[in-house]
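The values are calculated or read from the model by the stated rules, or taken from the named source; none is laboratory data. A quick note: this is a predicted structure, and the numbers were derived from the prediction, not measured. No Cβ is skipped: glycine too gets one built from the backbone with ideal geometry, and neighbour counts run over all protein chains shown. What goes into the accessible areas is simple: the full protein's heavy atoms, side chains included, and nothing from ligands, DNA or RNA. Shrake-Rupley method; radii C 1.70, N 1.55, O 1.52, S 1.80 Å.
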Amino acid sequence: MLIKRGNDIPSSEITPEHIYVHRRAFLRAAAAAGIAVALREAFPESLRAQDRWPQGKRGPYDTDEKPNTYKEITTYNNFYEFGTDKGDPAKNSSLFKTKPWTVRIEGELKRPATYALEDLLKGKTIEDRIYRFRCVEGWSMVIPWRGFQLSELIKQVEPTSRAKYIAFETVYRPEEMMGQRRPYLTWPYVEGLRMDEAMHPLTLLVTGLYGKDLPNQNGAPLRLIVPWKYGFKGIKSIVKIRFVEKEPPTTWNLATPDEYGFYSNVNPDVDHPRWSQKTERRIGEFLKRKTLMFNGYAEQVAHLYAGMDLRKYF
Ligand SMILES: Nc1nc2c(c(=O)[nH]1)N[C@H]1C(S)=C(S)[C@@H](COP(=O)(O)O)O[C@H]1N2
Ligand SMILES: [Mo]
């Protein structure tokens, strides 16, 4: 190694004291600016929204449990249209176009129509609600959704007395959704609810999370959330809503009927054929929690199933 001795240093390399001080201040300022840029990149607006999120229960439908982080909610997803790994939807959905967006409402109702999403949202009471979310695979999260009660839309479009169920359909766009080019499931993804479940005040059509528009991987621009049911009932990127007389087909039931029923109510006493449903792992936690009947919403929804054999109607 070459060691420069004091008298070897050319004068051009010796920094006069006053310039040195200025340079130090400049470097400090540059470093501060650099950190600000780096922070903005590492913590985009959406993450700062999480920091501003007021803690605790605010409305009557909120859980007081601590929400999962924005990052957890948006990087650990199930959205098979974009691949089957939990990280795939965040990676593969960036080119998915959600503007413009229309929703067709048809079947047993007075005025079937196709709505631009903006028109569908007009006049709706948009709320933020912190719900527990339980995936059928045995993990759970707490998610601050933004949306409106599905009941508001149903009342507006006036279904006929023959409408006993409501069916939902995800967009079919294999050119943008690489998963739809593979037979993971039958496409498009479809789901359904009984009319009283759809009318329940807990049932939401969701447009956002953490107070911001839904990211593509979470089902932009419009998805369903039924907090007392397993996560797969929460169909994403909805383009069609149909009022029907008979129980509609549902994607996971079509795929594996003995594993996934129509109702899919969270129930620790009814095991999945391949695993127990008694416990769940909250994403971000190590120890498992006990799964609660109807995902903790029994007081609000148990009456919907009074007299039903929940082993048969799982
Ligand atoms: N269209 C569509 N909707 C879907 C799915 C899907 O693969 N495609 N996965 C479901 C499953 S299994 C779960 S657990 C939730 C996941 O929602 P999240 O990624 O916002 O947590 O979306 C549900 N909705
Ligand atoms: Mo799921």
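Do the sum for the chain: with -39,500 (n - 2.57) for every DSSP H run of n ≥ 4, divided by all residues, what is the mean residue ellipticity at 222 nm, to the nearest 500 deg cm²/dmol? The partial results should precede the final answer.
Numbers: 9 runs with 72 residues, N = 314.
Result for the chain: -6000 deg cm²/dmol, rounded to the nearest 500.
If a/c stays under 1.5 just call it rounded; otherwise compare a/b with b/c (prolate if a/b is bigger, oblate if not). Do that for the range 54-305, with a ≥ b ≥ c from the square roots of the Cα gyration tensor eigenvalues.
Taking the square roots of the gyration eigenvalues as a ≥ b ≥ c, the range 54-305 is rounded.
Which loop-located GluC sites (Glu not before Pro) does the range 189-294 contain, where loop means any DSSP state but H, G, I, E or B and the Cβ has at most 14 other Cβ atoms within 10 Å? Don't skip to the end; give the middle numbers.
Working: sites: 191, 197, 245, 259, 280, 285; in loops: 245, 259, 285.
Taking the range 189-294 and a limit of 14 other Cβ atoms within 10 Å, the loop GluC sites (Glu not before Pro) found are 245, 259, 285.
Quick one: if you stick a label point 7 Å off each Cα along the C-beta vector at residue 311 and residue 66, how many nm between them?
Taking the two extended label points, one gets 3.9 nm.
By a straight-distance test (C-alpha under 15 Å), which aspartates and glutamates pair with residue 86 as possible cross-link partners, with residues fewer than eight away in the same chain excluded?
72, 137
Give me the base-10 log of I(q)/I(0) for the range 69-199 at each q in 0.12, 0.21 Å⁻¹, Debye formula, one uniform scatterer per Cα, rounded to two decimals.
Log10 I(q)/I(0), no solvent term: -0.61, -1.47.
Over the Cα atoms of the range 76-122, what is the Rg over Rh ratio if Rh follows Kirkwood?
Rounded to two decimals, Rg over Rh is 1.17.
Please identify the DSSP H helices in the chain that span no less than 30 Å along the helix axis (Cα) and have a mean Kyte-Doolittle hydropathy of -0.5 or more. Walk me through the intermediate numbers first.
On the way: long enough: 17-42 (37 Å, 0.42).
For the chain, where a helix must reach 30 Å along its axis and average at least -0.5, the hits are 17-42.
Per residue, what accessible area does the chain have, given a 1.4 Å probe and all protein chains present, in Å²?
On a per-residue basis, the chain sits at 53 Å².
Of all the accessible heavy-atom surface of the chain, with the other protein chains kept in place and a 1.4 Å probe, what percent is carbon and sulfur?
That share works out to 55 percent.
How high is the FRET efficiency between residue 213 and residue 299 when r is their beta carbon distance and R₀ equals 35 Å, given to the nearest 0.05?
On the way: r = 32 Å, r/R0 = 0.90.
Given R0 = 35 Å and the Cβ-Cβ separation, E is 0.65.
Would you look at the GNM of the chain, springs on alpha carbons closer than 10 Å, and say which of 275, 101, 139 moves the most?
Most flexible of the set in this elastic network: 275.
Under 16 Å from the 7 Å Cα→Cβ point of residue 275, by amide nitrogen: which residues of the range 69-93?
Once the point is set 7 Å along Cα→Cβ of residue 275, 76-79, 84-87 turn out to lie under 16 Å by backbone N, inside the range 69-93.
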